[in-house]
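Accompanying notes for the structure given below.
Just so you know, all these numbers are worked out from the coordinates, no wet-lab data involved. Everything numeric here is computed off the predicted structure, so don't read it as measured data. We place every Cβ from the backbone using ideal geometry, glycine too, and count neighbours over all the protein chains shown.
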Amino acid sequence: MRKARLLPALAAAALVAACGVQPTGVVAAGPGPSIRNTEGTYVLNGLTLYFVSDGRVIPVTRPSEGAVSPEGAITLLLKGPTEREAAQGLTTFVPPEVGRVAVYPGDPSSLALPFSVRKLSNQAINQLVCTVIAASTATGRAPRSPGVNVISPNEDVYFHSCKAD
């Protein structure tokens, strides 16, 4: 009977001694994690535009004095990345001759282009669509729809969702 009680005690002692974890002090690991909101694109006192980096469409936040209309955001997008953004490898696939576009609120919102949407690359369409959605969200006009109707001058309508990283 004595052996029966001794055996579990020895097994427990062996497990505790065999774990090999030694106590350590505090180990510096750098800054804590940050969280990027992937559900929406609202940025307090900031404007989110979408540019291209390594072929991927990504959000870029610029400071702003409050909400900027979707048309205003597209106007800034058409100007391209700032010098600092370009130095970081950001570019645009939206051609500068896009000119004036109109954004109509709704669910989904509509983006009217002055030329056929077929002239744009997938990245350019994503830049425009994602920027419209971000600006609409920031101004409180966020559609429930995951995309935007893109309208060509001949009134062809193409629905595009935002496909950005």
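Some observations on this one:
- The stretch 46-161: C-alpha gyration tensor shape, a/c 1.5 cut-off, then a/b vs b/c: oblate
- For Leu47, net neighbour charge (Lys/Arg +1, Asp/Glu -1) across residues whose Cβ lies under 11 Å away: 0
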